[in-house]
Structures are given as C-alpha cells and as structure tokens.
Amino acid sequence: MNFEITFTPEQQEFQIRVRDWLKRNIPKGIEHPADPANLTKEGYEKQRELGHRLALEGWLYPTYPKEFGGGDLSPNEALIIEIELEKYDQILPPYYDSGGKLAAASIMVWGTQEQKSIFLPQILKGEVRTWQLLTEPEAGSDLANIQTTAIKNGNKYTVNGQKIYVGSSHGAEWSWMLANTDPGGKRHENLSWFIVPMDLPGITWAPMDLIFAGNENGALSGFKNTVYFADVQIPAENLIGGENSGWQVADTHLEIEHGLMQGSLLGDHNLRRTLNACRKLKKRGNLLIADPSIQGILAELYIDSEITRLFHIRNHWLRSSGQKLSYQGPQAYLQMKRQALRAAKHTQDILGPYALVTDDKLSPEDGFIEVQQRGSIVAQHPGGTVEIQKIIMSRKLGLGKSSIKYGSKN
C-alpha cells in the first residue's frame with residue numbers, strides 16, 4: 001500500500017512555478033546556521049525579506065484566506081512550497097514567528113471580524129513577527145497554573161508577572177499570551193488570551209542561558225528569553241475570545257502544535273546527516289557505513305523516522321480531507337519526541353565523540369549533528385512533555401475524570 005502524498009497535474013504545475021519563483025527571489029547570502037544562536041542580525045533581516053516576498057504571493061501563510069493576507073491554497077499546495085524551500089535550507093515561514101504558525105488559527109476561530117481585520121493581515125503578510133508567552137516558572141507542563149495576572153481596569157487590562165522560554169533572538173513586534181483574569185476562579189476557567197504589542201511600557205525581557213538556543217518546529221528561533229510584565233496596560237480590544245475563555249482559545253493552536261506541523265512531513269534531516277557522516281568517516285581504516293553493526297543501527301533510525309513521518313502524513317491527510325482530529329495530533333507529537341531522544345542516543349553510539357564536537361574542522365556535517373545532541377533534550381519540553389502528550393491523548397479519547405472541554409467552536 002502506498003502511503004505517500006501524490007500531487008495532481010495542477011499541483012505539479014504549481015510546484016514548477018514555485019521552484020522558478022524561488023530561483024529569482026531567494027535573497028543572496030541568506031543564512032542557515034547549525035546553531036540558531038549564531039543567526040546574525042543581517043541573517044535575520046534576510047529571512048524577514050524573504051518572508052515579505054513570499055507574502056506578496058500569498059505564500060507566507062498560504063492556507064489562510066486572501067482577504068487576510070493568505071493565499072487560499074490547499075494543504076498540499078502549502079506542502080509544495082515547503083518542499084521547494086527545503087532545497088535552499090529554508091522553512092515556512094523563513095523566520096521564527098509563532099503568531100502565524102499558531103496564533104493566527106485562534107484568531108480566525110475566536111476573534112471578532114474587526115479583530116481578524118486588524119491582527120491577521122499584519123501577521124500573515126509578515127509585517128510583524130510574534131512570540132508566544134505561555135510557560136511560566138510554575139506553569140510549564142501544568143499550563144493551567146498560570147500566575148501572570150490581567151485585571152480589568154476600565155478599557156484596559158493591567159498585567160503583572162513573567163513568562164519564560166519565550167521567543168527568539170532579535171526581538172518581536174507582538175506577542176500573544178495566556179493570563180489569569182480571575183485569580184480566585186476555577187482552573188481552566190480563569191484564563192484569557194491576549195495579543196500584546198511588545199513596545200508597551202512595563203515590558204522587559206532578557207535572554208536565558210540554556211543548553212540549547214531553541215529550534216522550535218524547524219524555525220531558527222535563537223535565544224529564549226524571560227519576559228517581565230510590570231503594570232502593563234493592554235487594550236481590552238486585544239482580548240480574543242472573551243474573558244475567561246482563554247483555555248478554549250489556546251486549544252485551537254495547541255492542536256496544531258501537537259502534531260499538525262507541515263514541516264514534519266518532509267523527512268528527517270538529522271538521519272540524512274548521520275548517513276552522510278557514516279559515508280565519510282572511517283573506523284580502523286573502513287568507512288562506518290560498511291560496518292554491519294552500524295548498518296543495523298541506521299536501519300533502526302530509519303524505521304523510527306518513518307513511523308514519525310507516516311503519523312504526520314496521516315494527520316495531513318485527515319486535515320486535507322476535512323476530517324476532525326482527536327488523539328492523532330498528540331500521538332504524532334509523542335512519537336516525534338521519543339524518536340528525537342532515541343536518534344540522539346543511536347547517533348552518539350555510531351559516531352562516538354564526533355557527535356559532540358563543535359570544532360569546525362572536526363565536527364561532521366558542519367556542526368548540525370552536535371546541535372542535534374543538545375536539541376533532542378530541549379525538544380522534550382515545547383508543547384508539553386511526553387507525559388503531557390499521553391494525558392492529552394487520554395482526554396481526547398474521553399478517558400479519565402477530566403471535564404475540560406477541548407476543540408474549537410467550529
């Protein structure tokens with residue numbers, strides 16, 4: 001049985017058009033550093049430039065409606081754009097932008113028509129880039145334990161608190177966040193969802209010193225930050241979905257984060273790099289690729305990678321055919337997280353100390369493999385740990401005692 005995605009003749013013609021367009025429009029010298037922490041300001045500006053060019057075609061966020069800055073394209077056409085961008089070591093969007101990847105979906109579902117008209121075009125056309133402000137010192141896996149408060153004061157909300165593991169290098173114009181609007185209220189029913197201009201008085205941030213700078217869903221995000229709020233005044237019109245409805249609003253974008261990312265369909269870059277290293281490096285005078293024991297480990301890596309990819313292909317098919325997902329998203333995310341750790345362990349078994357070398361002359365595959373070793377550890381947190389994915393799956397299946405409502409109003 002063939003599980004691969006096939007394109008129609010019309011989609012194949014579109015792929016040729018995208019390929020030709022990228023040849024003319026990829027900015028010269030655009031960067032793709034192994035370690036996101038090494039992305040320069042100039043490199044970031046070139047990523048934004050490419051984003052603006054894609055947006056003019058409706059290709060930056062291609063599945064969204066044209067009236068808001070998207071392209072009204074199908075999931076398969078969006079995948080084609082990603083496939084062609086990958087040939088230039090670029091992704092969609094070509095810079096870290098949590099707003100377009102995740103928040104725009106919540107605004108589409110829960111925002112008023114006026115809010116959609118104000119916020120979506122700026123995000124989908126690449127005029128602003130956004131960070132997500134969810135995790136806090138006491139609200140990581142237990143996201144409902146958010147302590148940052150947003151207390152209504154006339155036509156504004158006064159926000160105090162802090163968020164951690166936020167964003168990227170080189171700043172952002174906007175953020176979106178969950179805050180506690182009813183500190184004495186019931187968990188999950190006391191949260192609200194806001195769009196936050198990052199230039200508001202009282203907002204400060206500082207980079208965090210972490211084992212890995214962050215590489216969320218393929219986007220070169222760079223350093224993570226702690227963001228502080230001190231009596232920040234957020235306009236009431238920036239509240240999306242109504243007061244104390246933030247958990248439902250957030251569930252819309254969490255569904256995407258938990259297993260609906262297009263980039264996961266494109267295969268395993270790290271596996272390809274490990275294979276390349278095995279074709280170049282020698283042990284006792286023989287290429288690593290010729291060692292039967294290493295061949296066996298590589299086969300295990302390939303099988304594990306294919307399981308992850310096929311889970312995402314299934315989810316892509318369900319989405320493309322208009323079917324509703326339940327447990328399938330977190331199931332794919334769970335597999336992806338487990339695979340990341342297993343792949344790092346097996347890669348280290350194969351390459352030994354070479355997997356941990358950062359020296360330009362000794363590090364195989366330009367340092368990407370060493371970055372994979374650190375990144376696989378960090379990848380266990382974003383979007384919820386392995387244990388959290390299991391809990392989400394059980395709730396989606398109606399198991400357990402929880403009465404939390406999941407899903408969108410669609």
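All of the numbers you see were taken from the coordinates with simple rules; none came from a lab. All of these numbers come straight from a predicted model, not from anything done at the bench. Reconstructed Cβ throughout: ideal geometry from the backbone, glycine too, with neighbour counts over all protein chains shown.
Here are the numbers for this structure:
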| item | result |
| --- | --- |
| Likely footprinting exposure, TRP205, TRP131, TRP317, fewest C-beta neighbours within 10 Å first | TRP317, TRP205, TRP131 |
| Relative contact order (percent, whole number), segment 130-249, Cα cutoff 8 Å, 6+ residue spacing | 31 percent |
| Within-11-Å neighbourhood charge of THR181 [Cβ basis; K, R +1; D, E -1] | -2 |
| Backbone N within segment 178-200 under 16 Å of label point (7 Å from ASP231 Cα along the Cβ vector) | 200 |
| Sorted peptide list for 86-99, 48-61, criterion being average Cβ within 10 angstrom, highest first | 86-99, 48-61 |
| HN-Hα J in Hz across segment 51-58 - Karplus 6.51, -1.76, 1.60, θ = phi - 60°, x for Gly and Pro | x, 5, 5, 4, 5, 4, 8, x |
| Rounded to 10°, Cα long-axis angle of helix 246-257 versus longest principal axis of the chain | 10 degrees |
| Residues with amide H under 5 Å from that of GLU136, placed H, sequence gap 5 or more | ILE164 |
| Rel. contact order, % - alpha carbon contacts under 8 angstrom, at least six apart, the chain | 15 percent |
| Under the Karplus curve 6.51 cos²θ - 1.76 cosθ + 1.60, θ = phi - 60°, whole-Hz ³J(HN,Hα) for segment 329-345, x wherever Gly or Pro sits | x, x, 4, 5, 5, 4, 4, 5, 5, 4, 4, 4, 5, 4, 5, 4, 5 |
| Hypothetical label at GLU300: residues of segment 326-350 whose amide nitrogen lies under 17 Å (7 Å Cα-Cβ projection) | 338-350 |
| Residues LEU266 and LYS361, FRET efficiency given R0 of 25 Å [Cβ-Cβ distance, rounded to 0.05] | 0.25 |
| Mean-position separation - Cα centroids, segment 224-251 and segment 153-189, in angstrom | 4 Å |
| For segment 258-396, alpha-carbon Rg over 2.2 N^0.38 Å | 1.16 |
| Phi-based couplings in Hz for segment 193-209 (Karplus 6.51, -1.76, 1.60; Gly and Pro marked x) | 10, 10, 8, 10, x, 7, 9, 5, x, x, 9, 9, 8, 9, x, 9, 8 |
| Taking all pairs of distinct alpha-carbon atoms in the chain, Kirkwood radius in angstrom | 22.3 Å |
| Long-range amide H partners of SER175 with built H, under 5 Å | TRP131, VAL196, MET198 |
| Cα-based Rg / Dmax (Å) for segment 130-249 | 13.8, 43 |
| Estimated 222 nm signal from helices in the chain, with DSSP H stretches of n ≥ 4 weighted -39500 (n - 2.57), rounded to 500 | -13000 deg cm²/dmol |
| TYR157 long-range amide H proximity, modeled H, under 5 Å | ILE234, ALA236 |
